[in-house]
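The values are calculated or read from the model by the stated rules, or taken from the named source; none is laboratory data. Fair warning: this is a prediction, and the values are worked out from it, not measured in the lab. Every residue, glycine as well, gets a Cβ built from its backbone with ideal geometry; the counts of neighbours run over all protein chains shown.
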Amino acid sequence: MKYFVNVLVDVLGAVYQAAGASLLIAVLIMCVYMLGRKQGVGPVARAWIWQFKESSWFRRHFFLVFYTCMLLFRTLFCRSVWGNPLENVIGIWGLHYNGQLYTENFENLILFMPFIIFLFWAREEKDHTKDKRIQEVLLNSFEISFCFSLGIETCQLFLKIGTFQLTDLFFNTLGGMLGGVIYWGFERTRKRIVFGVKRIGGWDVIPWKSVAQKEADVENTAETVTVVEGSLPEEAIAPECSEPRYAAIEKLVREAGQKMLKARPGEENIHKKEGLANFCTDYDTAIQRFLIKGLGEILPGAAFFGEEDTEGNAGADAEGEFTFYIDPIDGTTNFMFDYHHSCVSVGLAHGEQMIAGFVYHPYVDDMYVAVRGHGSYLNGKRLQMADKPVEEGIVEFGCARYNEAGIDWLFRVVKEMFQNSLSIRCGGSAALGLCRGASGSNTVYLELKLQPYDYAAASVILEEAGGRITQIDGSPITLHEGCSIIGGTPAAWQESKDAFEKLKEEM
């Protein structure tokens with residue numbers, strides 16, 4: 001009976017010891033299996049490889065998860081079980097134990113250093129860790145490494161997996177704090193070395209670049225681009241502002257448009273967002289990341305208000321002297337169904353005023369550009385719209401299934417516009433609809449609810465071409481939250497505003 005009990009205990013111990021790791025691996029395998037069964041193994045594998053190649057966010061979080069799993073396998077999943085977890089709470093603080101060199105404390109310290117480095121690296125664009133003071137970094141490192149280590153030790157205590165030791169808690173936390181210092185100091189040390197090399201040797205070289213710099217290099221457009229005929233003037237908008245390089249921004253937007261032009265969206269990279277018929281593709285997020293990195297190089301310190309949830313995007317909370325408003329693919333549904341009517345839209349604000357807009361339609365190679373006070377351009381040609389009324393042109397409107405509030409009101413206005421105009425259109429891209437007003441293709445563009453990244457860039461282009469853009473009640477457009485839009489010639493703008501007011505009273 002004694003032997004039977006011993007064998008049973010050993011077997012159960014062996015099974016229980018591997019249970020945690022086995023459960024984790026089984027869940028991950030079944031998740032991949034279910035995804036592969038639904039979409040096919042090939043598309044899933046290609047999507048994974050594409051994300052790893054194109055997305056620094058994906059790579060950073062992959063390495064963070066990989067290293068965290070390594071730590072958990074070493075500290076939690078592969079421990080002896082059913083012992084007394086409190087038999088050595090104080091732990092071993094010396095260098096020798098039972099006549100042998102004891103290195104576990106150093107192992108814990110060294111292993112937790114990369115964990116904090118990977119964690120800060122994965123979240124650096126969201127938490128701005130590089131910009132924090134050393135005291136803040138140390139405090140964050142302490143909190144994270146202490147809590148993570150305490151969680152491991154607590155699991156060992158209550159699940160009887162290994163032993164609870166204060167030495168583990170101390171050296172894990174110390175290793176995490178050292179990792180935070182290394183992460184914080186690396187970029188500063190690199191910059192000082194670069195500065196020293198330039199100063200001592202007189203060389204305009206960079207000994208090495210960070211990964212972020214390599215990915216966002218954009219072929220040094222901010223420094224090497226040449227102003228060609230039809231390009232925008234490079235004078236500063238305001239003497240007190242650091243002047244953004246408009247030609248470099250235009251080149252970057254064109255490159256983003258080429259990425260969209262080459263993309264082939266499929267079911268494996270189309271995702272639903274909140275609301276009915278509201279979609280995002282992997283290309284939306286990839287292009288937005290590309291733009292944020294490139295624009296950050298051209299205008300360091302700028303804030304970003306983009307449509308997609310990516311690193312570096314502050315959304316409606318964006319604050320700064322300069323703010324970029326980015327819609328990586330305006331007309332995502334068109335893009336999904338190969339309509340060839342989508343664009344890249346990038347607007348730049350200084351404080352609360354839009355000062356520049358760039359809208360690129362890659363399918364027909366149309367680049368709309370405007371800088372406040374310097375006019376609007378389409379492919380280098382100056383735009384000046386004629387003040388046509390509704391009856392002399394085309395009216396365009398926009399609507400979305402995920403935003404149907406007031407749709408009956410809008411359609412009544414559109415019906416009246418249809419009866420008074422030459423024709424109506426609904427193109428599916430607000431930025432292009434407003435830009436076509438600037439170029440004279442439309443007399444006016446109407447929509448009941450848009451977000452700032454939808455209209456920010458096009459608003460400058462329209463106004464600099466002589467148009468007018470406001471909300472439907474005539475109040476200014478907003479830059480921190482969504483609003484309604486009427487944008488077109490002054491005459492058509494007034495007619496549309498009057499139609500909204502009249503038909504609202506009749507409803």
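Here Val395 meets each of (1) in contact with a Lys or Arg (Cβ under 8 Å, 6 or more places away or on another chain); (2) within 24 Å of Phe305 (Cα to Cα) with one exception, condition (2). Return the total of residues in the range 246-271 being in contact (Cβ under 8 Å) with a residue 40 or more places away in the chain and not in a loop (DSSP other than H, G, I, E, B). So the count comes out to 16. In a loop (DSSP other than H, G, I, E, B) and either within 24 Å of Phe411 (Cβ to Cβ) or not assigned by TED's automatic domain parsing to the domain that holds Phe358 (or both): which single residue out of Glu481, Glu447, Glu495 fits that description? Being in a loop (DSSP other than H, G, I, E, B) and either within 24 Å of Phe411 (Cβ to Cβ) or not assigned by TED's automatic domain parsing to the domain that holds Phe358 (or both) holds for just one of Glu481, Glu447, Glu495, which is Glu481. When the range 96-152 is filtered for residues that are at pLDDT below 75, farther than 21 Å from Thr163 by Cβ and either crowded, with 20+ Cβ neighbours inside 10 Å or aliphatic (A, V, I, L, M) (or both), the ones remaining, listed by number, are Glu125, Thr129.
Please enumerate the residues belonging to the range 447-483 that are without any contact (Cβ under 8 Å) to a residue 40 or more places away in the chain, over 15 Å from Arg436 (Cα atoms) and surrounded by 19 or more Cβ atoms within 10 Å (Cβ to Cβ). Scanning the range 447-483 gives Ile472, Ile477, Cys483.
Taking the conditions exactly as written (among the hydrophobic types (A, V, I, L, M, F, W, C), touching a strand residue (DSSP E or B) at 6+ places or on another chain (Cβ under 6 Å) and surrounded by 19 or more Cβ atoms within 10 Å (Cβ to Cβ)), does Val390 satisfy them or not?
Working: among the hydrophobic types (A, V, I, L, M, F, W, C): yes; touching a strand residue (DSSP E or B) at 6+ places or on another chain (Cβ under 6 Å): no; surrounded by 19 or more Cβ atoms within 10 Å (Cβ to Cβ): yes.
Taking the combined requirement at face value, the residue does not satisfy it.
Could you tell me which of the residues Met354, Met367, Met385 is surrounded by 19 or more Cβ atoms within 10 Å (Cβ to Cβ) and in a loop (DSSP other than H, G, I, E, B)?
Values: Met354 fails: in a loop (DSSP other than H, G, I, E, B); Met367 fails: in a loop (DSSP other than H, G, I, E, B).
Just a single option satisfies the conditions, and that option is Met385.
The condition (being over 32 Å from the mean Cα position of the chain (by Cα) and of a type in the set (Gly, Ala, Ser)) is satisfied by just one residue among Ser421, Ser429, Ser439: Ser421. If the condition is being part of a helix (DSSP H, G or I) and over 12 Å from Tyr67 (Cβ atoms), then the range 92-123 contributes Glu104, Asn105, Phe106, Glu107, Asn108, Leu109, Ile110, Phe120.
Hey, among Tyr360, Tyr368, Tyr377, which residue is touching a Lys or Arg at 6+ places or on another chain (Cβ under 8 Å) and at negative phi?
On the way: Tyr368 fails: touching a Lys or Arg at 6+ places or on another chain (Cβ under 8 Å); Tyr377 fails: touching a Lys or Arg at 6+ places or on another chain (Cβ under 8 Å).
Within the list Tyr360, Tyr368, Tyr377, the selection yields Tyr360.
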